[in-house]
Structure formats: structure tokens, C-alpha cells
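What follows draws every value from the coordinates through simple rules; no lab data is involved. All values derive from a computational prediction rather than experimental measurement. Cβ placement follows ideal geometry from the backbone for every residue including glycine, while neighbour counts extend to all protein chains displayed.
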Amino acid sequence: MDSKNSLKRWQDWGNLLIGAWLFISTWVMPYPSGMPNATLNAQVLGAAIVIFAACAVYMPRVWEEGLNTVLGIWMIISPWVLQFSSSRTVTVNAVIVGLLVTTFAIWAMVRDQKVEKWLVEHHMLH
């Protein structure tokens, strides 16, 4: 991968760091011991975000961004679905991580030249 393409896809590096944070946050933040769903969710999703972001750094493809978008959306809603929203700190962390991952993934996807070309061809972008 050339440095020009790497700089254009800085969002992937951002998601890699955010995923790493999510994974280690279970040891850094006060995750409630009575809510193992919150801990497991953060560790599994953090690892998945890191893996897909790393793939996107080295082999940029739209599907990796799509997967990170889905993972980000899941992080936003997971406190309520998995019923750990009573832990304010963990909920705020999950929502912020989810918003950032989703934003960066969509941003990278939209800036992808192949996606941009498709959007122009289908009159969705000028």
C-alpha cells in the first residue's frame, strides 16, 4: 500500500485504535462484575473492530467498512439490548465508541474512489 492511499484512509487507523481501546477498556474502566455481557461485548467487538480495521488498512475494501459500520451500530444499541445500560460509564463508552467507529467507517467508505464513482454513476453524487 502506498503512503498516499494510507493517508487517505486515516479513518481505518482511527478505527483500529478505537477497537483496541474498546478491548482494553474492560480492564481500565469499572465494568460491573455482575454484567458479564458488557465485558464480553466490549472484548469481542473490540477485537473484531481491530481485525476489520487492520484489514482495511492493508487491503482497503468497502465490505470491511460495511462490517465496521454494523459493529459500530451494534455498539450504540448494545447497552439496551444486552441490558447493561444501568452502568452509565460503560454505556457512555459503548455509545461513543459506536458513534466513532460508525462515522469513520462510513467516512472511509464514501471517500473510496470506487464507491464515489458508483454514487456518481447512479446520480447520488454530483
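Once the Cα-Cα distance is subtracted from the 0.36 nm per residue extended length, the T89 to L17 segment shows a gain of 24.0 nm. Taken along the Cα-to-beta-carbon direction at a fixed 7 Å, the label points for W27 and A47 span 1.4 nm. How long is the gain from V110 to I96 if the chain were fully straight, where each residue apart is worth 0.36 nm and the alpha carbon distance is subtracted? Contour length minus Cα-Cα distance gives 2.9 nm.
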